[in-house]
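J.: Okay, handing you the structure first.
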Amino acid sequence: MFAKCFDPTGARHGLPTYPWRYAPDGLATKRQLRARGLRPGGQSIAAQIMRPRYRRGPLVAYLYRVDHAKPVRPMTPGKWAALAKANRARRTCPACRQDAGYVIPTSLGMCVPCAYPEEQRAA
């Protein structure tokens, strides 16, 4: 399995490919960049890592160069306000128009007291 995922020249897969957890230093996934406060910043994919799975296709994660990454843009007051408004809308029940105090489950489409009124009366 290790040999199928090891292609540092990119001859087989088109990109330099490494096995899971064996990527060289200086390369990171988007999540790893974000944890460091960085973003890819428009650079192209430098390599990929693959994790083989039985009876299914392999898991693939793309790698970016850390030295070409740019810092994450800071949140502006307008973005903070838009995020607060979106979260408030996710907490507002469309049936009773009250803030539920939690994110309304999409499976119900409304707050729990509105979805199950008979059970609320019994309690």
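J.: Residues in the stretch 40-54: is at least one out of contact with any Asp or Glu (no Cβ under 9 Å at 6 or more places or on another chain), within 24 Å of residue 72 (Cβ to Cβ) and open to solvent by 100 Å² or more (accessible area, probe 1.4 Å)?
T.: So far as the stretch 40-54 goes, no, none of its residues is out of contact with any Asp or Glu (no Cβ under 9 Å at 6 or more places or on another chain), within 24 Å of residue 72 (Cβ to Cβ) and open to solvent by 100 Å² or more (accessible area, probe 1.4 Å).
J.: Moving on to the next point. Of the conditions (1) small (Gly, Ala, Ser); (2) at pLDDT below 90; (3) closer than 30 Å to residue 5 by Cβ, residue 61 fails just one. Which one is it?
T.: The single condition residue 61 does not satisfy is (2).
J.: Out of all the residues in the stretch 6-32, which are of a type outside the set (S, T, N, Q), outside any loop (DSSP other than H, G, I, E, B), out of contact with any Ser or Thr (no Cβ under 6 Å at 6 or more places or on another chain) and under 11 Å from residue 50 (Cβ atoms)?
T.: 18, 19
J.: Where the second residue is open to solvent by 60 Å² or more (accessible area, probe 1.4 Å) and the first is among the acidic types (Asp, Glu) and lies in the stretch 97-118, which pairs have Cβ atoms under 8 Å and are six or more apart or on separate chains?
T.: So the pair list comes out as 99/88; 99/91.
J.: Could you check the stretch 63-117 and list, in sequence order, the residues that are hydrophobic (A, V, I, L, M, F, W, C) and open to solvent by 90 Å² or more (accessible area, probe 1.4 Å)?
T.: 80
The values are calculated or read from the model by the stated rules, or taken from the named source; none is laboratory data. Keep in mind the model is a prediction, meaning the values are calculated, not measured. Note: ideal-geometry Cβ built from the backbone for every residue, glycine included; neighbour counts use all protein chains shown. For the accessible areas, the whole protein counts, side chains as well, though only heavy atoms, and no ligand, DNA or RNA atoms are used. Shrake-Rupley method; radii C 1.70, N 1.55, O 1.52, S 1.80 Å.
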